[in-house]
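Working notes, beginning with the structure itself.
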Amino acid sequence: METPVVGVVGAGQLARMMQPAAIGLGIPLRLLAEAPDSSAAHVITDTTVGDYTDYDTLAAWAKGNTIVTFDHEHVSTAHLEALVADGVIVRPAPGALVHAQDKVVMRARLSSLGVPGPRHAVVVAADGVAAFASTVGGFPVVLKTARGGYDGKGVFVVDDEAGAAGVLASTPEAVAVLAEEKVDFRRELAALVVRAPSGQLAAYPVVESVQRQGICVE
């Protein structure tokens, strides 16, 4: 049986953290990095520098891998679906990735499964935010851009309708905005469950995630 080659789109911290585990399993990693000085490119020698948003670049690089994965959620699902149609194995599948890319899709899916979460609504105007706030006990509420946010970016706590208007005015019209009730929580926990194509499941220990200014530091 040939050793699989895992291609990783992106060369950030998560790709870098894959390296020790991959070494332990004897699995080579190949990177598609945006820049030669990207974090993981310092420790993974098989690195191609290219634009992952360009399908031809992505497809040419993908041919050298047994399987393709990614270290961030900003890869075009349309590009990934095209790779799958061309016979490339992509894990997680594009249909799963979209739930990490789009908070509106994610909330809808979690709600359909009965998973408890903050009350929420898609909003397009400041008066809509005010109307939503009135259903959850008033301001403050949390506004989140549905796509593109990371490390605290795209997340805003607004205290009134004027604050909401400012956030909406600075958000591109093509980007949906999700309003959520502000939850008074004590700590944030991270849980990870993975499933193989065979149906085998593995659950990792629950850990506490420490956030400072929207960025995970521990």
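A short reminder: the numbers here are calculations on the coordinates, not readings from a lab. Just so it is clear, the model here is predicted, and its values are computed rather than measured. Note that each Cβ is placed from the backbone with ideal geometry, even for glycine, and that neighbours are counted across all protein chains shown.
Here are some notes:
- Spacing of the two label points (7 Å from each Cα toward its C-beta) at His42 and Ser111, in nm: 4.3
- Under the combined filter of DSSP loop state and at most 14 neighbouring Cβ atoms within 10 Å, region 112-193 retains these GluC sites (Glu not before Pro): Glu173.
- Restricting region 1-79 to GluC sites (Glu not before Pro) that sit in a DSSP loop and have at most 15 other Cβ atoms within 10 Å of their own Cβ leaves Glu2.
- Listed residues Leu29, Leu192, Leu178, most fluctuating in the chain (Gaussian network, C-alpha, under 10 Å): Leu192
- Kyte-Doolittle mean at least 0.5, axial Cα span of 15 Å or more - DSSP H helices of the chain: 13-25
- Theoretical FRET efficiency, 1/(1+(r/R0)^6), r = Cβ-Cβ of Ser134 and Gln213, R0 35 Å, to 0.05: 0.75
- Modelled FRET efficiency - R0 41 Å, Ile89 with Ala125, Cβ distances, 0.05 increments: 0.40
- When only Cα pairs below 8 angstrom with a gap of at least 6 residues are kept, the chain shows a relative contact order of 14 percent.
- Listed by Cβ neighbour count within 10 Å, with the fewest neighbours leading, Arg119, Arg147, Arg195 appear as Arg195, Arg119, Arg147.
- Fraction of alpha-carbon pairs over 16 Å apart in region 6-100 - percent: 49
- Across all directions, the average flat footprint of the convex hull enclosing the Cα atoms of the chain is 14.2 nm².
- Extending 7 Å from the Cα toward the beta-carbon at both Ile23 and Glu81 defines two label points whose distance is 4.0 nm.
- Estimated FRET transfer efficiency (Val142, Thr3; beta-carbon r; R0 35 Å; 0.05): 0.15
- Hull-based mean projected area of region 103-181, where the convex hull spans the alpha carbons, in square nanometres: 5.0
- The modelled label-to-label distance between Ala191 and Thr53, using points 7 Å beyond Cα along the C-beta direction, is 3.6 nm.
- Fewest-first sequence of His72, His42 by Cβ atoms within 10 Å of each Cβ: His42, His72
- Ranked Val193, Val75, Val136, criterion: other C-beta atoms within 10 Å, fewest first: Val193, Val136, Val75
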